[in-house]
Every structure is written in structure tokens, then in C-alpha cells.
1. Name the pairs whose Cβ atoms lie under 6 Å apart, with the first residue in region 96-108 and in contact (Cβ under 8 Å) with a residue 24 or more places away in the chain, the second among the charged types (D, E, K, R), and 6 or more positions between them or separate chains?
2. Restricting attention to region 82-101, does a residue exist that is β-branched (Val, Ile, Thr) and open to solvent by less than 30 Å² (accessible area, probe 1.4 Å)?
3. Return the total of residues in region 14-32 being among the hydroxyl-bearing types (Ser, Thr, Tyr) and part of a loop (DSSP other than H, G, I, E, B).
4. Hand me the list of strands (runs of 3 or more DSSP E) wholly inside region 33-114 holding 3 or more residues that are of a type in the set (Ser, Thr, Tyr) and either in contact with a strand residue (DSSP E or B) (Cβ under 6 Å, 6 or more places away or on another chain) or closer than 14 Å to GLY8 by Cβ (or both).
5. Inspect all residues belonging to region 36-47 and state whether any of them is out of contact with any Cys (no Cβ under 7 Å at 6 or more places or on another chain), under 20 Å from TRP104 (Cβ atoms) and hydrophobic (A, V, I, L, M, F, W, C).
6. Run GLN3 past the list (1) loosely packed, with under 15 Cβ neighbours inside 10 Å; (2) out of contact with any helix residue (DSSP H, G or I) (no Cβ under 8 Å at 6 or more places or on another chain); (3) closer than 17 Å to ILE92 by Cα and report the number of the one that doesn't hold.
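The values are calculated or read from the model by the stated rules, or taken from the named source; none is laboratory data. Because the structure is a prediction, the values reported are computed rather than measured. Cβ coordinates were reconstructed from backbone atoms using ideal geometry, including for glycine residues, and neighbour counts include every protein chain displayed. Areas reflect the complete protein model, heavy atoms only, side chains present, ligands, DNA and RNA absent. Shrake-Rupley method; radii C 1.70, N 1.55, O 1.52, S 1.80 Å.
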Amino acid sequence: QVQLMESGGGLVQAGGSLRLSCEFSGVIFRLSTMAWYRQAPGNQRELVASIATGGTTNYGDSVKGRFTISRDNAKNAVYLQMNSLKPEDTAIYYCNSPHYPRNWGQGTQVTVSS
């Protein structure tokens, strides 16, 4: 069974930090590039960061230098360390495979107050 479960969101002041976790089940995720996405109210879902199985990472321009994506296949998990948070980072954050997407999880809400 393929499943994604995000956690770690919360309310934080601008300049603060959060670490998001994504636990996944299903070999397809372990063998695939994984990514974090976010969706703010009224906006389309956007890709925030991705990490290949070999560790190569890519980031959206708006989060470069502030966010760090990592993965631990032994734990079936992907993480997103978010530093220097801004109010515009407020969104629901999701993880999925950009190449073999499956049903989206519930996501985790991140709210950054000014």
C-alpha cells in the first residue's frame, strides 16, 4: 500500500524555523526522486524542493538558501528544514514523487506570522 504522511508544521514567527517530516510507504517512493510541495490559499500547488535517490537536490527560487531537503531511505522518510521563515511561506506542505505521483496525503499546515 502506498501512503504519504506529513508532520511537523505549526505556527512560527517570521525568522523562525521548522522541520517537516514525510513518512512514506511503498517501494516506488524509496526508488524515486521525492519532493516537497506547498499550496497557499487561492494558489496552485508549487514544488518547493526535490531530492533524487543519489542525493542531488533542487530548490525553488523563493526558498533557496533557507530550506534544506534531505531523505533517509532506511527510515522511509523525507525531511524539510525551513529556516528564516517568512509570512509568504505560509501554506499547507505536502510530499510526493514528482515522477510517480500517488494520492496526496493530508499535508501539514505551516503558518508564519509577521
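1. The qualifying pairs are GLY105/GLU6; GLY107/GLU6; THR108/GLU6.
2. Step one: list which residues in region 82-101 are β-branched (Val, Ile, Thr), which gives 90, 92.
Applying the additional criterion that residues be open to solvent by less than 30 Å² (accessible area, probe 1.4 Å) yields none.
For region 82-101, residues β-branched (Val, Ile, Thr) and open to solvent by less than 30 Å² (accessible area, probe 1.4 Å): absent.
3. So the first thing to find is which residues in region 14-32 are among the hydroxyl-bearing types (Ser, Thr, Tyr), and the list is 17, 21, 25, 32.
Add one more test, that the residue is part of a loop (DSSP other than H, G, I, E, B), and what stays is 17, 32.
Matching residues across region 14-32 total 2.
4. Values: elements: 34-39, 46-51, 57-59, 67-72, 77-82, 91-96, 108-113.
Filter on region 33-114 gives 108-113.
5. yes
6. (3)
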